[in-house]
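Asks: Structure in structure tokens, see below.
Taken together, the values in this text are just the output of simple stated rules run on the coordinates, not laboratory data. Everything numeric in this text was worked out from a predicted model, so none of it was measured. Virtual Cβ from ideal backbone geometry, glycine too; neighbours counted across all protein chains shown.
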Amino acid sequence: MNILCYLQSDLTGYDFSNLVVRQACLKNAVLHNVNFTHANLATSLFAETFAGVLSLAFSPDGQLLAIGDTNMEVHLYRVKDGSRSLSYRGHICRVWSIAFSPDGKTFVTGSGDKTVKLWDTQTGECLKTFAGHSGYGCWAAFSPDGKYLVSGSLDKRLKLWNLPSGECLRTLKGHQGYILSVAFSSDGSTIASGSMDGSIKLWDANIGKCLNTLKDHTGKVSSVAFSPNSSTIASGSSDRTVKLWDINTGKCLTTLSGHSDEVRSVAFSAGGEILASGSYDSTVNYGISEQCNVSKRCRILLPAE
């Protein structure tokens, strides 16, 4: 059978009933109407497996999908055919976050081992380890020019790193609760952080000064995202809402309801015309934002597969 698969033969209609099929790799095989009745497939491989998935990220060109799991591993998959490109292991705790660099040549992972690691996308080599947080869990984001990295942790602090040197340039303090999400504005001048304390803080990336604190959520802020033109921030919370904020005034523009559980993730489309939110209620909400002209929004509720 392995020879047939290697030769890319179509196995449609084959009868393997009552046979012991030893160590067959069937990941890419065409198995339409194949008879495996009472066949022993205990040592055969139908699909690659991984532990519980905690983080996902697409490469900028959309060709690769990175997955971080509960088994301390990171896996790269080719989107085109679903094949595994590389697997990485370097953390000693769960991988909570993944982010690709703007050019896609590297990506970072944040882990419960209190570190952020920088990886080479092509070779799988760990290029740098950023250590300095004292709290469990790390969330990270690249600056738009790819020269800097911001990380947030359960130690209630953010750290801004110089990527080429690995130096910590500054530590940002001010949150009263765990930091659960970080993001850079499109011009790299502003950092947003969401926290267990229910607030979003805006920081000057150049000097580390807190510019504003946005408060209106009644639960923890699990996710933050800038609109592409950086005029607006979206935030998702355990209070089951998504809020849109004006960057300049700090005012809440609108509150979007509809989820029945914590909103765990928010994201704008590349053009800023669509805002998506994902929740523990197993749904994704899509809304037309028109760069957050909320009078034109609509919402479609999609059940998760």
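Asks: Using alpha-carbon positions, what is the distance between the centroids of segment 236-252 and segment 151-180, in Å?
Replies: Using only Cα atoms, the two centres lie 22 Å from each other.
Asks: Obtain the radius of gyration and the Kirkwood radius of segment 62-188 from its C-alpha atoms and give Rg over Rh.
Replies: 0.96
Asks: Students often get this wrong, so check it: of Lys128/Lys251; Lys159/Lys251; Lys220/Lys251; Lys156/Lys251, which have C-alpha atoms separated by over 29 Å?
Replies: The pairs that break the limit, which is 29 Å between Cα atoms, are Lys128/Lys251.
Asks: Using the basic label-point model (7 angstrom from Cα toward the beta carbon), what is the Thr171 to Ser231 distance in nanometres?
Replies: 3.9
Asks: A follow-up question, please. Gain in length, Tyr136 to Leu56, computed as 0.36 nm per residue apart minus the alpha-carbon separation, to one decimal in nm?
Replies: 26.9 nm
Asks: Take every Cα pair under 8 Å in segment 149-212 that's 6+ residues apart, average their separations, divide by the length, and report that relative contact order as a whole percent.
Replies: Once normalised by length, the contact order is 24 percent.
Asks: Quote the FRET efficiency, to the nearest 0.05, computed for Thr123 versus Asp187 with a Förster distance R0 of 30 Å and r equal to the Cβ-Cβ distance.
Replies: In this case the efficiency is close to 0.45.
Asks: Run through every distinct alpha carbon pair of segment 53-303 and return the Kirkwood hydrodynamic radius in angstroms, one decimal place.
Replies: 18.1
Asks: Here's another thing I want to ask about it. Can you give the relative contact order of segment 53-303 as a percent, counting alpha carbon pairs under 8 Å and 6+ residues apart?
Replies: 8
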